[in-house]
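The values are calculated or read from the model by the stated rules, or taken from the named source; none is laboratory data. Everything quoted here is computed from the prediction, not taken from an experiment. Note that we place each Cβ from the backbone using ideal geometry, even for glycine, and neighbour counts take in every protein chain shown.
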Amino acid sequence: MIESFANILKDAQRGHYAVGAFNCFSLEQARGAIEAAEEAKSPIILQVAEIAELPDLPPIELMAPFCLELAAKASVPACLHLDHGKTLETCAKAIRLGFNSIMFDGAALPFEENVRMSAICAKMSKGAGCDFEAELGKVGDAWNVNDKADVFTDVEESARFIELTGIDALAIAIGNQHGKYVATPKLNIDRLKEIAARNPGTPLVLHGGSGTSIEDFKACVHNGICKVNVATALHTDVVAAIKQYVDTCPNPNYDELRNVIIRTNKAAVLRHMEIFESVGKA
Ligand code: 13P
């Protein structure tokens, strides 16, 4: 059943667990993710990202109806979220397509410009009954986790940002990074605690979930992170399973291959739901 993004995150905040937001690069991944949520009796966020570097991904126009149908038919609270909207046009398009929430990623912009753009997107979303996530601080794609520079979300800036934009959720930077880590990260849980204490009304989001240690995940979930984005870990498991299927099956066929993808993605999503403590919360 479709539930609003804001309600899913508010419930997580009250219940001290996090909801997984799982990136779907294919229809099979979306199927597997929803099957996992139903089996785990967990709320779930399906998300589709705007990734300029991967222009061959199925466009959001094609993914949206399929994911929305899966979410609507699910026996657990589910919603569809636009991950990393880069332009106003994409955010507006996602709203038109029926996404339940959108993210505008202005983290690379100067603070005032990030505020300006995020406030426009928040207003546009709210006017259409859609919820809104923004990001503050640098969640790198390539910055070295051993870099000592303070790229983390600033506590006072986070409060100003929330006040000026009217967002439903804030993605923060505490040493997290998208994609494969160059070294095991150690998240700055003290900074997370400070941001959460300063902004008790706003659910916080951790991007770059893949590669995080269970210890850090647990510390995040218990200290204010209500949504965790996971993509790379799912893709890695799916690719390994495809390789094993093709290498070992005497007569590989497409239908079985699709089932391998669905099953493997489901197992990877289930594993994360257990860590995030969202199992049984639907
Ligand atoms: P990972 O690929 O590192 O799991 O990051 C996913 C993400 O944050 C999508 O927004």
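Things to note:
- Each residue in the range 192-214 was checked for being within 14 Å of the ligand (Cβ to nearest atom) and either touching a His at 6+ places or on another chain (Cβ under 8 Å) or of a type in the set (G, A, S) (or both), and 6 of them qualify.
- Of the residues in the range 19-34, at least one is more than 26 Å from D255 (Cβ to Cβ), touching a residue at least 24 places away in the same chain (Cβ under 8 Å), in contact with a helix residue (DSSP H, G or I) (Cβ under 7 Å, 6 or more places away or on another chain) and not aliphatic (A, V, I, L, M).
- Some residue of the range 51-72 being part of a strand (DSSP E or B), under 29 Å from V279 (Cα atoms), out of contact with any Gly (no Cβ under 8 Å at 6 or more places or on another chain) and modelled with pLDDT of 95 or more: no
Yes/no matrix, rows are residues, columns are (1) within 15 Å of the chain's Cα centre (by Cα); (2) of a type in the set (A, V, I, L, M, F, W, C); (3) under 21 Å from G209 (Cα atoms); (4) surrounded by fewer than 19 Cβ atoms within 10 Å (Cβ to Cβ):
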position: A21; (1), (2), (3), (4): yes, yes, yes, no
position: F25; (1), (2), (3), (4): yes, yes, yes, no
position: E38; (1), (2), (3), (4): no, no, no, yes
position: P43; (1), (2), (3), (4): yes, no, yes, no
position: Q47; (1), (2), (3), (4): yes, no, yes, no
position: L57; (1), (2), (3), (4): no, yes, yes, yes
position: F66; (1), (2), (3), (4): no, yes, no, yes
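- In the range 172-208, the residues that are assigned to a loop (DSSP other than H, G, I, E, B), closer than 18 Å to N23 by Cβ and either at pLDDT below 95 or aromatic (F, W, Y) (or both): N176, H178, G179, K180, Y181, G208
- Beta carbons closer than 9 Å, at least 6 apart along the sequence or on distinct chains, never pair a first residue in the range 71-85 that is farther than 15 Å from S125 by Cβ with a second that is away from the ligand (no atom under 11 Å from the Cβ) and modelled with pLDDT under 95.
- I102 surrounded by 14 or more Cβ atoms within 10 Å (Cβ to Cβ), aliphatic (A, V, I, L, M), part of a helix (DSSP H, G or I) and in contact (Cβ under 8 Å) with a residue 24 or more places away in the chain: no
- Residue within the range 267-279 that is over 28 Å from I45 (Cβ atoms) and more than 16 Å from the ligand (Cβ to nearest atom) present: no
- Scan the range 241-273 for residues that are part of a helix (DSSP H, G or I) and surrounded by 13 or more Cβ atoms within 10 Å (Cβ to Cβ) and the total you get is 20.
- Of the criteria (1) of a type outside the set (V, I, T); (2) assigned to a loop (DSSP other than H, G, I, E, B); (3) away from the ligand (no atom under 15 Å from the Cβ), which one E38 fails: (2)
- Filtered by the rule that a residue be closer than 16 Å to S101 by Cα, polar (S, T, N, Q) and touching a Cys at 6+ places or on another chain (Cβ under 8 Å), the range 9-54 gives a lone residue, Q47.
- The range 110-126, residues that are surrounded by fewer than 15 Cβ atoms within 10 Å (Cβ to Cβ) and closer than 22 Å to N176 by Cα: P110, F111
- Residues in the range 75-87 that are hydrophobic (A, V, I, L, M, F, W, C) and under 15 Å from the mean Cα position of the chain (by Cα): A78, C79, L80, L82.
- Subset of the range 223-240 [assigned to a loop (DSSP other than H, G, I, E, B) and touching a Lys or Arg at 6+ places or on another chain (Cβ under 8 Å)]: N223, G224
- Looking at A72, A33, just one residue is within 15 Å of the ligand (Cβ to nearest atom) and either more than 15 Å from the chain's Cα centre (by Cα) or farther than 21 Å from L164 by Cβ (or both), and that residue is A33.
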